[in-house]
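Notes follow once the structure below has been shown.
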Amino acid sequence: MPRTSACPQLPLFGAAPCDADIDTVISWGLGCDSTAYVARMLTNPAAHGINLERTVVLYMATGSEWPETRLLVEKFMLPLLRKHRVRFVQLARNGHLRADGFTVLDDSRHPDQLFARGPWTLWDDLESVGTVPQQAGTRKCSLWAKGDVGDWWLGQLFNGRPFRQIMGFNADEEGRRFGDQVASKMPGRTGEFPLIDWGWDRQQCEAYLMERFGVLWPKSYCTFCCFPASMGALPAHLERMRTHPDLAGEVLRLEYTAMSLNPNAKLYGRKSLLGLLDPAQPRDRACLDAFERELDMPWALYRVRRLFLLSDEGRRRPVMRSTERIDLGRPHQLARRLVSISQRHGVEVEHDPAYGRARAWTRPRGTAWPMAEDLFTTAPARVIDKQDTGFEREWNALLSGSAAQLSLT
């Protein structure tokens, strides 16, 4: 039975009697690298310095793992964990905020299923605000969906007590070991990186799992991940999409919604998933057909405003945004309304006849900061009303009442 916890306290249940004996946590992301480590370690735990009675294998459910990864885990790895009576803990977030806490989906030495998702997923978070993961900077989405949840649970379990956390970075990821050592701030934690110490790169991990289980173990990542493009794996990623056209349709809807609110919100930097699919190719056409089915839902007319402001020192501040749902309806109805009103006010409208979006800027984005943007757009009605703190004050201060207005009455 899943158990829920707020952070940083654990009000609904106390620590299990054996928790005080735990001194080792293995972070398992389900992918090739960490799976190779767990499988190899279980051939002789003592030889790898592991006491299974004092060890937990920890997994965070993001909610959007590929189906084949889940199937392989349940076919090959869960039986191994059961055979060796490995304590396997599965966690997930409860909501967007830290205060929402997390849920222990399962905590067992006899796990019989891999939980695909919990109460709140990264997909839920992205879709509710109309955005997609960003390639720039750190992997914030991974930190949000995995790192934060694991750290909350570890903080409760150890509470400053010394422990080691084994990470499945392969030998090509020495930089990630350095980054982990620099970023780690949990008292008592020591990170260990056995695959790097063994010199096992991705190919060696794949070869080991092929020899062990007779399968090519896939990379673990979310269906809507933006990083395949930056890692040179975009062709393989697109093939994976074509194998799962229904999943591709969902991801296309996520991207299309985000790009409706922000044309720059392409999944792969300068490339969009929609732009990479060729409707003349049958397998791509299947993905696009699934996308059209995904769009057959209620739509909304949104007003989206953005502020691009400078700090007192002249540095660019994080962009502020206000999103407001104006109306609900079918896409063609909302598009006609926006076109009609915009034409009366002499405002140009973009219309996508293929998939239904209509969009009009009453204040286009400029090129020089500080600046403001104000647009109306139609999109699938999955985005909530949300406004950054202090937005109206900053908006009024910058524009001093000069913003162009588009009356929707």
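Being within 26 Å of W361 (Cβ to Cβ) and out of contact with any Leu (no Cβ under 8 Å at 6 or more places or on another chain) is the filter here; which residues of region 285-304 pass it?
L295, M297
From (1) in contact (Cβ under 8 Å) with a residue 12 or more places away in the chain; (2) assigned to a helix (DSSP H, G or I), pick out the condition that doesn't hold for L328.
L328 satisfies every listed condition except (2).
Can you find a residue that is in a loop (DSSP other than H, G, I, E, B), of a type outside the set (K, R) and not assigned by TED's automatic domain parsing to the domain that holds E392 anywhere in region 303-312? Spell out how you get there, then give the answer.
Just the residues of region 303-312 that are in a loop (DSSP other than H, G, I, E, B), to begin with: 309, 311-312.
If we keep only those that are of a type outside the set (K, R) as well, we get 309, 311-312.
Next, from what is left, pick out any that are not assigned by TED's automatic domain parsing to the domain that holds E392: none.
There is no residue in region 303-312 that is in a loop (DSSP other than H, G, I, E, B), of a type outside the set (K, R) and not assigned by TED's automatic domain parsing to the domain that holds E392.
Looking at R337, R315, R344 in this structure, which one is surrounded by 14 or more Cβ atoms within 10 Å (Cβ to Cβ) and in the same structural domain as W395 (by TED's automatic domain parsing)? Give the derivation first.
Values: R315 fails: surrounded by 14 or more Cβ atoms within 10 Å (Cβ to Cβ); R344 fails: surrounded by 14 or more Cβ atoms within 10 Å (Cβ to Cβ).
On inspection, the qualifying residue turns out to be R337.
Test T257 against the stated conditions and say whether it is polar (S, T, N, Q) and in a helix (DSSP H, G or I). Working first, answer last.
Values: polar (S, T, N, Q): yes; in a helix (DSSP H, G or I): yes.
In short, yes.
Is it the case that T409 is farther than 30 Å from P279 by Cα, modelled with pLDDT of 95 or more, part of a loop (DSSP other than H, G, I, E, B) and not assigned by TED's automatic domain parsing to the domain that holds D125? Quick ask: steps written out before the conclusion?
Working: farther than 30 Å from P279 by Cα: yes; modelled with pLDDT of 95 or more: no; part of a loop (DSSP other than H, G, I, E, B): yes; not assigned by TED's automatic domain parsing to the domain that holds D125: yes.
It is false that T409 is farther than 30 Å from P279 by Cα, modelled with pLDDT of 95 or more, part of a loop (DSSP other than H, G, I, E, B) and not assigned by TED's automatic domain parsing to the domain that holds D125.
Which residue out of R164, R176, R212, R242 is farther than 30 Å from D21 by Cβ and not in a loop (DSSP other than H, G, I, E, B)?
So the residue among R164, R176, R212, R242 that is farther than 30 Å from D21 by Cβ and not in a loop (DSSP other than H, G, I, E, B) is R242.
Working only within region 175-220, note down all residues that are within 18 Å of T43 (Cβ to Cβ), of a type in the set (S, T, N, Q) and under 23 Å from the mean Cα position of the chain (by Cα).
The answer is none; no residue qualifies.
Give region 73-126 a look and list any residue that's over 11 Å from A61 (Cα atoms), assigned to a helix (DSSP H, G or I) and in contact with a helix residue (DSSP H, G or I) (Cβ under 6 Å, 6 or more places away or on another chain), or say none.
Within region 73-126, just F76 meets the criteria.
Within region 276-302, can you find the residues that are touching a strand residue (DSSP E or B) at 6+ places or on another chain (Cβ under 9 Å) and either not acidic (D, E) or not in a helix (DSSP H, G or I) (or both)?
First, pick out the residues of region 276-302 that are touching a strand residue (DSSP E or B) at 6+ places or on another chain (Cβ under 9 Å): 276, 294-295, 297-302.
Result: L276, L295, M297, P298, W299, A300, L301, Y302.
Going by what's in this entry, would D284 be described as closer than 16 Å to M241 by Cα, among the acidic types (D, E) and either surrounded by 18 or more Cβ atoms within 10 Å (Cβ to Cβ) or at pLDDT below 95 (or both)? Break it down into steps so the answer makes sense when it comes.
Numbers: closer than 16 Å to M241 by Cα: yes; among the acidic types (D, E): yes; either surrounded by 18 or more Cβ atoms within 10 Å (Cβ to Cβ) or at pLDDT below 95 (or both): yes.
For D284, the condition - closer than 16 Å to M241 by Cα, among the acidic types (D, E) and either surrounded by 18 or more Cβ atoms within 10 Å (Cβ to Cβ) or at pLDDT below 95 (or both) - is met.
Among A379, A372, A335, which is in contact (Cβ under 8 Å) with a residue 40 or more places away in the chain, out of contact with any Leu (no Cβ under 6 Å at 6 or more places or on another chain) and in a strand (DSSP E or B)?
Numbers: A372 fails: out of contact with any Leu (no Cβ under 6 Å at 6 or more places or on another chain); A335 fails: in a strand (DSSP E or B).
One residue alone meets the criteria, A379.
Looking at region 180-208 only, could you name the residues that are part of a helix (DSSP H, G or I), farther than 17 Å from G150 by Cα and not polar (S, T, N, Q)? Lay out the reasoning, then the answer.
Initially, region 180-208 is screened for residues part of a helix (DSSP H, G or I), giving 180-183, 194-198, 202-208.
If we keep only those that are farther than 17 Å from G150 by Cα too, we end up with 182, 194-198, 202-208.
Of everything in region 180-208, those that are part of a helix (DSSP H, G or I), farther than 17 Å from G150 by Cα and not polar (S, T, N, Q) turn out to be V182, P194, L195, I196, D197, W198, R202, C205, E206, A207, Y208.
Filter region 42-61 down to residues that are assigned to a helix (DSSP H, G or I) and of a type outside the set (D, E, K, R) and give me whichever is surrounded by the most Cβ atoms within 10 Å (Cβ to Cβ).
Just the residues of region 42-61 that are assigned to a helix (DSSP H, G or I), to begin with: 45-48, 52-54.
If we keep only those that are of a type outside the set (D, E, K, R) too, we end up with 45-48, 52.
Details: P45: 15, A46: 8, A47: 8, H48: 14, L52: 18.
Ranking the qualifying residues of region 42-61, first place goes to L52.
Which of (1) under 30 Å from A265 (Cα atoms); (2) at pLDDT below 90 is the odd one out, the single condition F178 does not satisfy?
(1)
The values are calculated or read from the model by the stated rules, or taken from the named source; none is laboratory data. Please read all numbers here as calculations on a predicted model, not as lab measurements. Cβ: placed from backbone, ideal geometry, glycine included. Neighbour counts: every protein chain shown.
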